[in-house]
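K.L.:
Take a look at this one; I'll ask things after.
The values are calculated or read from the model by the stated rules, or taken from the named source; none is laboratory data. Model, not experiment: these values are computed from the prediction. Cβ placement follows ideal geometry from the backbone for every residue including glycine, while neighbour counts extend to all protein chains displayed. SASA here: full protein model, heavy atoms, side chains in, ligands and nucleic acids out. Shrake-Rupley method; radii C 1.70, N 1.55, O 1.52, S 1.80 Å.
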Amino acid sequence: MPAQLLDGVALSKKIRTEIAARGAIVTAKGVRPGLAVIVVGENPASQVYVRNKVKACEDVGFHSVLERYSAELGEKELLARIATLNTDPAIHGILVQLPLPEHIAAERVLEAISPEKDVDGFHVANAGALMVGQPEFKPCTPYGCMKILESIDYPIRGARAVIVGASNIVGKPMAMLLLQAGATITICNSKTRDLAHHTKDADILVVATGKPKMITGDMVKTGAVVIDVGINRLPDGKLCGDIDFDAVRYIAGWITPVPGGVGPMTITMLLMNTLEAAEKASKPSSSL
Ligand code: NDP
């Protein structure tokens, strides 16, 4: 029997309805959630991502600002713009779309965003807070994957979770969230020996490598939950994930499609983080 499809579009729709309702409450208190999205350069994928993020904000009634800069923008100018947004009371979340042009140090830019407005959860302070189990903002993609598991009431506690990919924005925070939910985790990277030995043992398999269809049917345990974070464009222009979907769907118990799985959930959790930042700002004790 084929795996059950984990439909990120349908789940997003449900969560975005809740976000819009909570957003309306905080807006009525005079704090309309606001997100600033900055993109530097002409990377076509980035342009699509930022447009989708801004549209998602509009759909739930949030304020949003999209700032597009040419690839020639200097790092100093970008840092100055972030400093201004850090103190702008109409903005609760700041997102700088990666990748940045080579002459700009992404780490310096991410560290310049105030941790209270770091809705991507990439600031070192937020990464550290996540490590000790007190995240201010959970990085959106892993947060979305946790929501997918929650949507099927998957018993994470005691489950064996294998994460393939160890980036700071997906693999590592994913591992932390699963660990904190009680899973026994293994994180694999490009140097891992006998990858299939690990993946075949996974009750929960999350793959974020950017290597099209690298996880084949024989690498997956029967009945596993398989979450595909990868977004790859094939030579024919079609999108595919890091999982060989057509083969793995006959082995797994649940599987996310690409597109329509983790992608929409990432944007949904960005909205959630922006909402939570605005809710915090609306509290009288907030220093913002
Ligand atoms: P990175 O390139 O930063 O990291 C890739 C990770 O995968 C690295 O840890 C690398 O190992 C590991 N890796 C690469 N090849 C292999 C291999 N053959 N076996 C095991 N591990 C391997 O990528 P990101 O984490 O930024 O993104 C991963 C994918 O997820 C991309 O396709 C990206 O487009 C997609 N993505 C999707 C999002 C969504 O919303 N759906 C959001 C963010 C990313 P090593 O550390 O040894 O180099």
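K.L.:
Step through the residues of the stretch 156-168 one at a time and calculate ³J(HN,Hα) from phi using the Karplus curve (6.51 cos²θ - 1.76 cosθ + 1.60, θ = phi - 60°), rounding each to whole Hz and writing x for Gly and Pro.
P.N.:
5, 4, x, 6, 9, 10, 10, 10, 9, x, 10, 6, 5
K.L.:
Under a crude label model (7 Å from the Cα following the beta-carbon direction), how far is residue 218 from residue 189 in nanometres?
P.N.:
Rounded to a tenth, the inter-label distance reads 2.8 nm.
K.L.:
Using a simple charge model, +1 on the beta-carbon of Lys and Arg, -1 on the beta-carbon of Asp and Glu, nothing else, what dipole does the stretch 225-277 show about its Cα centre, in debye to the nearest 20?
P.N.:
Taking the Cα centre of the stretch 225-277 as origin, the dipole is about 80 debye.
K.L.:
For the stretch 117-269, what is the charge dipole size about the Cα centre, in debye to the nearest 20, if Lys and Arg each add +1 at the Cβ and Asp and Glu each add -1 at the Cβ?
P.N.:
It works out to roughly 200 debye.
K.L.:
Something else about it: Using only alpha-carbon positions, what ratio does the radius of gyration of the chain give when scaled by 2.2 N^0.38 Å?
P.N.:
Here the Cα radius of gyration is 1.00 times the empirical estimate.
K.L.:
While we're looking at this one, here's another question. What angle do you read, to the nearest 10 degrees and between 0 and 90, between the alpha-carbon axis of helix 171-180 and the longest principal axis of the chain?
P.N.:
Once rounded, one gets 80 degrees.
K.L.:
Over the chain, calculate the relative contact order: mean separation of alpha carbon pairs under 8 Å at least 6 apart, over the residue count, as a percent.
P.N.:
It comes to 23 percent, rounded to a whole number.
K.L.:
Could you work out how far apart the two model spin labels at residue 52 and residue 246 are, taking each label as a point 7 Å from the Cα in the direction of the beta carbon, and quote it in nm?
P.N.:
2.3
K.L.:
Nearest 500 deg cm²/dmol is fine: what mean residue ellipticity at 222 nm does the chain get from its DSSP H runs of n ≥ 4 alone, each adding -39,500 (n - 2.57), divided by its residue count?
P.N.:
Here the helix-only value at 222 nm equals -12500 deg cm²/dmol.
K.L.:
Take every DSSP beta bridge with both residues inside the chain and express the antiparallel ones as a percent of the total, to the nearest 5.
P.N.:
Antiparallel bridges: around 5 percent, rounded to the nearest 5.
K.L.:
Additional query: So how tilted is helix 8-28 from the main axis of the chain? Cα-based, degrees 0 to 90, rounded to 10.
P.N.:
The helix 8-28 is inclined about 20 degrees to the chain.
K.L.:
Considering Cα pairs under 8 angstrom that are at least six residues apart, work out the relative contact order of the stretch 139-226 and quote it in whole percent.
P.N.:
Reported relative contact order: 30 percent.
K.L.:
When only Cα pairs under 8 Å and 6 or more residues apart are kept, what is the percent relative contact order across the stretch 90-246?
P.N.:
Relative contact order here is 15 percent.
K.L.:
Enumerate the calculated ³J(HN,Hα) couplings along the stretch 191-207 in order (Karplus 6.51 cos²θ - 1.76 cosθ + 1.60, θ = phi - 60°), each rounded to whole Hz, writing x wherever the residue is Gly or Pro.
P.N.:
Whole-Hz 3J(HN,Hα) from phi for the stretch 191-207: 9, 4, 7, 6, 4, 4, 4, 6, 5, 5, 8, 7, 7, 10, 10, 10, 10.
K.L.:
Which residues does a label at residue 45 reach in the stretch 259-280, if reach means a backbone N under 14 Å from a point 7 Å past the Cα toward the Cβ?
P.N.:
Hits in the stretch 259-280 for residue 45 at 14 Å: 259, 263.
K.L.:
Can you tell me the FRET efficiency between residue 160 and residue 14 if r is taken as the Cβ-Cβ distance and R0 is 35 Å, rounded to the nearest 0.05?
P.N.:
So the FRET efficiency works out to roughly 0.75.
K.L.:
Angle, helix 140-151 long axis vs. longest principal axis of the chain, Cα atoms, 0 to 90°, nearest 10?
P.N.:
With both axes taken from Cα atoms, the answer is about 50 degrees.
K.L.:
List the longest stretch of the chain that has no exposed loop site; here a site is one of the trypsin sites (Lys or Arg not before Pro) assigned by DSSP to anything other than H, G, I, E or B, with at most 15 other Cβ within 10 Å.
P.N.:
Segment 30-156 is the longest.
K.L.:
Return one whole number: the accessible area per residue of the chain in Å², for a 1.4 Å probe.
P.N.:
47
K.L.:
Let me ask you something else. Computing the accessible area with a 1.4 Å probe over protein heavy atoms, can you report the carbon and sulfur percentage for the chain?
P.N.:
Answer for the chain: carbon and sulfur cover 56 percent of the accessible area.
K.L.:
State to the nearest 20 debye the size of the charge dipole of the chain about its Cα centre, where the only charges are +1 on K and R beta carbons and -1 on D and E beta carbons.
P.N.:
Value, rounded to 20: 400 debye.
K.L.:
Once amide H atoms are built 1.01 Å from N in the peptide plane, which residues 5 or more positions from residue 122, or in another chain, come under 5 Å H to H?
P.N.:
Under 5 Å from the amide H of residue 122 lies no amide H from a residue far enough along the sequence or on another chain.
K.L.:
So, one more: Please work out the FRET efficiency for the pair residue 66 and residue 152, using the Cβ-Cβ distance as r and a Förster radius of 30 Å; give the result to the nearest 0.05.
P.N.:
0.30
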